[in-house]
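The values are calculated or read from the model by the stated rules, or taken from the named source; none is laboratory data. These figures come from a predicted structure and were not determined experimentally. When we count neighbours, we look across all protein chains shown, and the Cβ atoms used for this are built from the backbone with ideal geometry, even at glycine. Note: areas computed on protein heavy atoms with side chains; ligands, DNA, RNA excluded. Shrake-Rupley method; radii C 1.70, N 1.55, O 1.52, S 1.80 Å.
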Amino acid sequence: MASKDQPKAFIPLNIAVLTVSDTRSLDDDKSGATLVERLSGAGHKLAAREIVTDDVEKIRAIVRRWIEDDGVDAIITTGGTGFTGRDVTPEAIEPLFEKRMDGFSIAFHMMSWGKIGTSTIQSRATAGVAGATYIFCLPGSPGACRDGWDGILAAQLDFRTRPCNFVEIMPRLDEHLRRGKN
């Protein structure tokens, strides 16, 4: 089980939040607000926040912009991970991944199973790394955002988490991009 190495200092990350929805605005985006509340409460910084319609090219354009932004360490999306015709977040974002994070989806479903049972199979939560930026795609409900943050992301985005966390390997995420530049 993970634990916190208290003598280590917390390292705040710059995290961008993208809500994918045809019906939400910043005024009524409970899922995005939940993520902002959680990441800010943990000590991280909100790097950017946007809402975009369920459109592959529009989603991809925002995520690409954030991947290229040195001021964004991680991206969390909410919404568009289901099976309806408008749910296109995985189709928009997975082609951008340099490396998939299969364990994220597995961990999310295991945690979700205990709360919503077989309904967890209706989520296509996914994650990966692109351009040395972590990308996590969560379902569009505030509950799923709370579960994803509280059950997985809060620990993995905290440098003090042992035995390992995402923060400690951040300096090495772009090794493949730096090869040949020396």
Could you grab me the full set of residues in segment 101-126 that are under 22 Å from Ile169 (Cα atoms) and in a helix (DSSP H, G or I)? Asp102, Gly103, Phe104, Ser105, Ile106, Ala107, Phe108
Counting just the residues of segment 36-90 that are among the polar types (S, T, N, Q) and out of contact with any strand residue (DSSP E or B) (no Cβ under 7 Å at 6 or more places or on another chain), which one comes out least open to solvent (accessible area, probe 1.4 Å)? Thr53
Looking only at segment 117-126, decide whether some residue is more than 12 Å from the chain's Cα centre (by Cα), surrounded by fewer than 20 Cβ atoms within 10 Å (Cβ to Cβ), of a type in the set (A, V, I, L, M, F, W, C) and within 13 Å of Ala74 (Cβ to Cβ). no
Checked against (1) open to solvent by less than 50 Å² (accessible area, probe 1.4 Å); (2) of a type outside the set (A, V, I, L, M); (3) at pLDDT 95 or above, Pro12 satisfies every condition except (1)
Can you list residue pairs whose Cβ atoms sit under 7 Å apart, with the first residue in segment 31-53 being small (Gly, Ala, Ser) and the second being assigned to a helix (DSSP H, G or I)? Count only pairs 6 or more apart in sequence or on different chains. Ser31/Pro142; Ser31/Cys145; Ala42/Ala154; Ala48/Trp66
Yes or no: segment 91-100 includes at least one residue that is open to solvent by less than 30 Å² (accessible area, probe 1.4 Å), over 30 Å from Lys8 (Cα atoms), modelled with pLDDT of 95 or more and not in a helix (DSSP H, G or I). yes
Looking for whichever is surrounded by fewer than 13 Cβ atoms within 10 Å (Cβ to Cβ) and either touching a residue at least 60 places away in the same chain (Cβ under 8 Å) or over 25 Å from Asp70 (Cβ atoms) (or both) here; the options are Pro142, Pro163. Which one fits? Pro163
Out of segment 53-86, which residues are farther than 18 Å from Leu157 by Cβ and in a loop (DSSP other than H, G, I, E, B)? Thr53, Asp54, Asp55, Gly79, Gly80, Thr81, Gly82, Phe83, Thr84, Gly85, Arg86
Residue pairs qualifying under the 6 Å Cβ cut-off, at least six apart or on distinct chains, with the first in segment 5-29 being free of Cβ contacts under 8 Å to residues at least 60 places away in the same chain and the second being hydroxyl-bearing (Ser, Thr, Tyr) and open to solvent by less than 50 Å² (accessible area, probe 1.4 Å), are Asp29/Thr19
